Amino acid sequence: MLALLRIAKSIVFISSLLFVISILPTHSVYSRDTSPSSSDLGPITVRAFDTDNDAGGSITVEWDDPGYERLSGFAGFLVWRTNTLTGTSDSVEVTPFGTRTYDDRSVSDDSTYSYSVAALVNGERLMSTPSMQVRSSKQWFDGRLTWVLILGLIICGAVIYFIESAKRGTKLFLRRIAGLEAIDEAVGRATEMGRPILFVAGIQDMDDVQTIAGLTILGSIARTVAEYDTKINMPVRASLVMTAARETIKHAYVTAGRPDAYNDDMVHYVTDEQFGFVAAVDGIMVRERPAACFFLGAFFAESLIMAETGNSIGAIQVAGTAMPAQLPFFVAACDYTLIGEELFAASAYLSGEPRQLGSLKGADVGKAIAMIVILVGVIATTIASAWNSESMLWIENLLRQMFSTG
Amino acid sequence: MKRQIPMLILSAVGTLLVVSVFIPSARHWQEDASLYFDIIAVFAFFLGGGNLIRVHAEKVSRKSAGWIYSVVTLLGFGIMLVTGLFKIGNPNGIAGDISQAGSYFQLLFQYVMSPLNSTMYALLAFYVASASYRAFRAKNTEATILLVAAFVILLGRTALGVLLTNWIPAQFSVLQVPNLAIWIMNAPNLAGQRAIMIGISLGVISMSLRLLLGIERSYLGGDN
Amino acid sequence: MDGAVISTWLAALLTLGIMSFVYKDNLYYKICEAIFIGISAGYWFITYFWDSLYRIAWIGVVHEGRYVLLGGVVLGAMMLMRLFGKIGWIARWPLAFIVGATAGLKMMVYFTTNAMAQIHGTVDDTMVAFGGGDLYDLIGRLVILIGTVTGLIYFYFSKEHKGLFGGVAKVGTWFLMITFGASFGYTVMSRMSLLLGRIEFLLTDWLKLVK
């Protein structure tokens, strides 16, 4: 134990000595340089500061290169750190060519540090003077997101405002969506034909908001299914979706006053594999020949395989997704397609509940803001560039700043 | 009680995660939530896998139509479980990585699952052809616009597009099919994509708020 | 016959089995489908088991002392309560956790990466347009402006699509259709190449007709 302590003390002593040696001759380093060209160069200036908008534990180091990178034999810049509380120093990183900044994430908020940067030329370290002392700290708010917060609050505020005003009984108008009106028709047709309906809530798990949107629509469809006493078949790709879908359908059957008609087998797990799932769904479609197919959720390449198979068996098909790349295939192969936002609005529409409908009005405020911003931006820029208007330039810059997320 | 506590959990977790976006030191909550999801999902798989076994076992025991295929499915499932859990044939034994090449589990993946996967994916070629055929019989303005745009883009990506329109003089080069295809991608297509994406994000915001405020909760079941 | 020949034959037979579905549903396809479901469900269960349960939960908690993950294990265990009829409702807690987390997180992700970024992109594009560039650029950017705004009007729910507003929304649907057409046309070739890939496997690796 004593021996260990001695070794530790020796290490601290030697490293302190090395640190003092490395700091003391800083100014003479340049004069020691044997390279004629490097002696012409000025010192490296180093700045170290707490990294902004982070959770602490990080200091950013920046330096200027007076021209060392152009010297032959230049191997990189060495970032050298000194803990000014303990007096220990260590090399942190040799940065790649062209780099003038380094984010040191191996610091503690409880210590203070000083940084030097050395140009490594022909095996020599041409050390800068140390930076000012700096301490890392965490920020309680990410300043870059101020406009995200303000705009988010405005849109969320609008949604909540309309929800509340709908709750108070204000009549809200919403236009019709053809795809949603087709849902009852599709379930009705399945009932008449005595054939089941097929529901696929996409191929993603519950951590995708589109799956949740699909399930909320399932709630409404399942109520109609329960009332009509139609059969529903819902294969799922993820076990969590199976559990959530069962809760949804069960609740719908209870609401429709037919709890006895519900059974868990309406929803069944197939496989987590994307195309294995598709192979099974295709099989179900051609063998059970559902009269109506609903594809509502997140889909990838399989969208077209399923929609075309459904088309080949003559089923009424209603699809909806927020995957822009898959929308064309649904549009081409299905009778009705809920495009993007319509998928998320559908359950509110179908529920007919004022508060839910109110939330859609709130989203419309968001769209209005988007359109106004785009148009104001264009007008401001046009005027600013045509007549050199300072105030319009100010508006242009403000808009750029507002919507910059980087 | 059966709905109130889940509602409370939902609202609290959702709100905390929204807040965590703005607070740098709370951002790790998002990572933790994602790890929680992974863990919950694997527990849920015991329900899903159990359901798979039950559905197919019932078919076999009842000898209902197609029961023989259920035997095949159960066999396949069982073989993967045994080879994967005990890492049979894994060059590094039970301590080896599951994706280690040469294990029976990986061989089954490589020679059974992988070709099945690629072929099912490749079937898209047939379906894209049948969907295109239907699109060719465009009946209204919208379908015609879709068809024309698709045709120009498709042609623009082939040598035929170059051959057909390279006679167009340079000052009207924008009308050459490959250039027209690029213009469609960069202008009207981009505009449509943007409208869709802005709409989607507002849709997600309004739906998320309905969920967090407890207005939309059908997926949580009733009080039964 | 060595292993490589057997595996190629196996892959080829499975490939043909799946392809036979294009003609019609048949016994061969049904067998391949059954194999596919069983093998792939097992594959994913094992993958999740080792990657999530073992690597994240077990190694994380027991070996790395990340006790915060115990919360996930408890919620996961609650999920299994579904197996016990009377207390099955407890499974709603982990479900509520996931839905809450998804709603909260995705709301912010979509807001910043979709809404903010796309508005910024549109403003940026159109701002450049009127500041300079040739006629070709100007038309392109004018089209982006008109397309984005009319597209948004199509998604506007609060007003009936009638009269002038209806006309503008109609223009919006045309832009959406161009977008869909462009995606469609862009994808066709890549889908064809997938099929060519499988045919190449059959002809080269299996039948060895092509070298």
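Please find the FRET efficiency linking B:GLN4 to A:GLU185, where r is the Cβ-Cβ separation and R0 is fixed at 22 Å, and quote it to the nearest 0.05. Before the final figure, lay out each step's value.
Numbers: r = 37 Å, r/R0 = 1.68.
Result of the calculation: an efficiency of 0.05.
How many times 2.2 N^0.38 Å is the alpha carbon radius of gyration of the range A:248-406? Please list the in-between numbers first.
Details: Rg = 23.0 Å, N = 159, 2.2 N^0.38 = 15.1 Å.
Ratio of Cα Rg to 2.2 N^0.38 Å: 1.52.
What residues qualify as long-range amide H neighbours of A:LEU338, i.e. H under 5 Å apart, gap of 5 or more or another chain, H built at 1.01 Å from N?
A:ALA319, A:GLY320, A:THR321
Of all the C-alpha pairs in chain A, what % are more than 35 Å from each other? All intermediate terms of the calculation are to be shown ahead of the outcome.
Numbers: 46426 of 82215 pairs.
In whole percent, the long-distance tail amounts to 56.
How big, on average over all directions, is the shadow cast by the Cα convex hull of the range C:44-130, in nm²? Mind showing how you got there, number by number?
Values: hull surface 36.1 nm².
So the Cα hull casts an average projection of 9.0 nm².
Roughly how many whole Å is it from the C-alpha centroid of the range A:175-228 to that of the range B:1-73?
When both Cα centres are located, 21 Å separates them.
For the range B:12-121, go through all pairs of different Cα atoms, get the mean of 1/r, take its inverse, and jot down that Kirkwood value in Å. All intermediate terms of the calculation are to be shown ahead of the outcome.
Working: mean 1/r = 0.0574 Å⁻¹.
It is 17.4 Å.
List the residues whose amide H sits under 5 Å from the amide H of A:GLY76, counting only those 5 or more places along or on another chain, with H placed 1.01 Å from N in the peptide plane.
A:LEU120
In the range B:125-220, with Lys and Arg counted as +1 and Asp and Glu as -1 at Cβ, which of these residues, B:LEU202, B:LEU163, B:GLY192, has the Cα nearest the positive end of the dipole, that is, farthest along it?
Result: B:LEU202.
What base-10 log of the normalised intensity I(q)/I(0) is obtained for the range B:86-166 from the Debye formula, alpha carbons as equal point scatterers, at q = 0.18, 0.19 Å⁻¹?
Taken in order of the listed q values, log10 I(q)/I(0) reads -0.83, -0.88.
In debye, nearest 20, what is the charge dipole magnitude of the range C:133-211 about its Cα centre with +1 on Lys and Arg Cβ and -1 on Asp and Glu Cβ, if you could check?
Details: 8 positive and 5 negative charges, 51 e Å.
So the magnitude is around 240 debye.
I need A:LEU240, B:LEU81, C:LEU164, B:LEU107 ordered by Cβ neighbour count within 10 Å, fewest first. Can you show the working numbers first?
Values: A:LEU240 26, B:LEU81 19, C:LEU164 7, B:LEU107 15.
In order of increasing Cβ crowding within 10 Å: C:LEU164, B:LEU107, B:LEU81, A:LEU240.
If Rh is defined by the Kirkwood formula over all Cα pairs and Rg also comes from Cα, what ratio Rg/Rh do you get for the protein assembly as shown? Working shown, then result.
On the way: Rg = 31.0 Å, Rh = 30.5 Å.
Reported Rg/Rh (Cα atoms, Kirkwood Rh): 1.02.
Using Cα atoms only, what is the angle between the long axis of helix B:4-20 and the major principal axis of chain B, expressed in degrees (0 to 90) to the nearest 10?
Rounded to the nearest ten degrees, it is 50.
So what J values fall out for the range C:180-192 if you push phi through Karplus, 6.51 cos²θ - 1.76 cosθ + 1.60 with θ = phi - 60°, rounded to Hz, Gly and Pro as x?
5, x, 4, 4, 4, x, 5, 7, 3, 4, 5, 5, 5
Quick one: angle between helix A:390-402 and the longest Cα principal axis of chain A, in degrees between 0 and 90, rounded to 10, please.
The angle comes out at about 80 degrees.
Along Cα→Cβ, 7 Å out, is where each label goes; now give me the distance between the ones at A:ASP103 and C:LEU209 in nm to one decimal.
5.6 nm
What number does the range A:53-132 give for Rg over Rh if you use C-alpha atoms and the Kirkwood radius?
Ratio value, two decimals: 0.99.
Fewest Cβ neighbours within 10 Å first, please rank A:GLU93, A:GLU181, A:GLU302 accordingly.
Working: A:GLU93 17, A:GLU181 11, A:GLU302 27.
So the ranking, lowest neighbour count to highest, is A:GLU181, A:GLU93, A:GLU302.
Rank these for me by crowding, C:PHE155, A:PHE74, going from fewest to most other beta carbons within 10 Å. Show your work: numbers first, answer last.
Values: C:PHE155 24, A:PHE74 18.
Going from sparsest to densest Cβ surroundings: A:PHE74, C:PHE155.
Give me a comma-separated list of calculated 3J(HN,Hα) values for the range A:106-113, in order, Karplus coefficients 6.51, -1.76, 1.60 applied at θ = phi - 60°, integers in Hz, x for any Gly or Pro.
10, 10, 10, 5, 8, 10, 10, 9
Considering chain A as a Gaussian network with a 10 Å cut-off on Cα pairs, which listed residue, A:ASN263, A:ASN233, A:ASN311, attains the greatest mean-square fluctuation?
A:ASN263
Applying 1/(1 + (r/R0)^6) with R0 = 41 Å to the Cβ-Cβ distance of A:ASN83 and C:HIS63, what FRET efficiency is obtained, to the nearest 0.05? Working shown, then result.
Values: r = 30 Å, r/R0 = 0.74.
Working from the Cβ atoms, E equals 0.85.
Rounded to the nearest 20 debye, what is the charge dipole size of the range A:288-406 about its Cα centre when +1 sits on each Lys and Arg Cβ and -1 on each Asp and Glu Cβ?
Values: 5 positive and 10 negative charges, 43 e Å.
For the range A:288-406, the charge dipole is close to 200 debye.
Where nothing but the Cβ of Lys and Arg (+1) and of Asp and Glu (-1) is charged, how large is the charge dipole of the protein assembly as shown around its Cα centre, in debye to the nearest 20?
Working: 62 positive and 64 negative charges, 386 e Å.
Roughly 1860 debye for the protein assembly as shown.
Kirkwood-based Rg over Rh for the range A:336-406 (C-alpha set), two decimals?
Details: Rg = 17.8 Å, Rh = 14.7 Å.
Result: Rg/Rh = 1.22.
Roughly how large, in nm² to one decimal, is the mean projection of the convex hull of the alpha-carbon atoms in the range C:62-176?
So the Cα hull casts an average projection of 14.1 nm².
In square nanometres and to one decimal, what's the mean projected area of the convex hull around the Cα atoms of the range A:172-352? Walk me through the intermediate numbers first.
Working: hull surface 37.3 nm².
Directional mean of the projected Cα hull area for the range A:172-352 stands at 9.3 nm².
How big is the range C:133-211 in terms of Cα radius of gyration and Dmax, in angstroms?
21.8, 65
Taking chain C, how much of its Cα-Cα pair set, in percent, is spaced more than 32 angstrom apart?
Details: 12911 of 22155 pairs.
In whole percent, the long-distance tail amounts to 58.
Once you've got the GNM for chain A with C-alpha springs shorter than 10 Å, pick whichever of A:LEU172, A:LEU198, A:LEU120 has the biggest mean-square fluctuation.
A:LEU120
Just so you know, all these numbers are worked out from the coordinates, no wet-lab data involved. Note that the structure is a prediction, hence the values are computed from the model and not measured. Note that we place each Cβ from the backbone using ideal geometry, even for glycine, and neighbour counts take in every protein chain shown.
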